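Data first, discussion second: the structure below is written as C-alpha cells.
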Amino acid sequence: MKIPDSPRVIYELNPLVEVSCRLIFPAILKIGIQEPAEFQEKTGFSLPVKKRPQIFSVKKTLNNQAYIQSETRKKFESLKSKWQEETEMLSSITKKIKHPAYQEIITMGEEVIPFILEELSREPNHWFYALTVMTKADPVSPEDNFQQAVEAWLNWGREQGYIQ
C-alpha cells in the first residue's frame with residue numbers, strides 16, 4: 001500500500017518522543033519448495049542492496065524539555081490573553097482573580113512562575129494572588145503600594161532563581 005502524498009510539516013521543536021514501525025513482508029522464498037541458491041541467482045541483481053540501518057535512541061533531552069516548556073508557554077500566553085481581555089474593564093480584583101482563565105493558570109503550577117514574573121516585570125498586573133497560591137510565599141508587606149509589591153515579587157523571583 002502506497003502512502004498518500006500530504007504536505008510536509010516542519011516543527012520548530014520536534015514533538016516526537018518515540019517512533020514505532022511494523023513492517024510485514026510477503027513470503028517470497030519458501031525454503032521447503034525452492035532452494036535458496038537457485039532463488040538468489042534468479043533475483044540477485046534485481047534486489048536492492050541493503051544498507052546498514054541508522055541506529056538511534058530517543059532520550060529525554062533538553063530539546064524535549066524545551067518543547068514541553070514551549071507548549072506550556074503557549075498555553076500560559078493563551079490563558080493570560082483571555083484573562084486580560086475578559087477582565088480589563090473590571091474594577092474588582094476579586095472578580096479578576098476568580099476568572100476561569102486566571103484559575104487555570106494557577107493550576108498549571110510551578111512551571112509558569114517564571115512566565116508570571118516575566119509578565120509582572122514587563123506589564124505589571126494583579127498576579128500577586130496567583131504567585132502567593134503557587135509559591136506559598138508572600139514577600140509583600142501590608143504597607144506596600146502596587147509598584148512596591150511588583151518589586152518585592154521580582155526580588156523574590158531573583159532570590160529563588162526563577163528570574164535573573
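Could you please give the count of residues in segment 104-128 that are in contact with a Lys or Arg (Cβ under 7 Å, 6 or more places away or on another chain) and surrounded by fewer than 17 Cβ atoms within 10 Å (Cβ to Cβ)?
Result for segment 104-128: 1.
Anything in segment 76-103 that is surrounded by fewer than 15 Cβ atoms within 10 Å (Cβ to Cβ) and of a type outside the set (Ser, Thr, Tyr)? List them, or say none.
Matches in segment 76-103: Glu77, Glu85, Glu86, Glu88, Met89, Leu90, Ile93, Lys95, Lys98, Pro100, Gln103.
Across segment 95-128, what is the number of residues that are touching a residue at least 12 places away in the same chain (Cβ under 8 Å) and part of a helix (DSSP H, G or I)?
21
Being modelled with pLDDT under 95 and over 21 Å from the mean Cα position of the chain (by Cα) narrows it down to one residue among Ile97, Ile163; which is it?
Going through Ile97, Ile163 in turn, the sole match is Ile97.
Within segment 141-157, does at least one residue satisfy the condition of being of a type in the set (Ser, Thr, Tyr) and in a helix (DSSP H, G or I)?
No, segment 141-157 contains no residue that is of a type in the set (Ser, Thr, Tyr) and in a helix (DSSP H, G or I).
When both residues are 6+ apart or on different chains and their Cβ atoms are under 8 Å apart, which pairs have a first residue that lies in segment 70-83 and is closer than 19 Å to Glu12 by Cα, and a second that is of a type in the set (D, E, K, R) and modelled with pLDDT under 95?
Ser70/Glu12; Thr72/Glu111
The values are calculated or read from the model by the stated rules, or taken from the named source; none is laboratory data. Everything numeric in this text was worked out from a predicted model, so none of it was measured. Every residue, glycine as well, gets a Cβ built from its backbone with ideal geometry; the counts of neighbours run over all protein chains shown.
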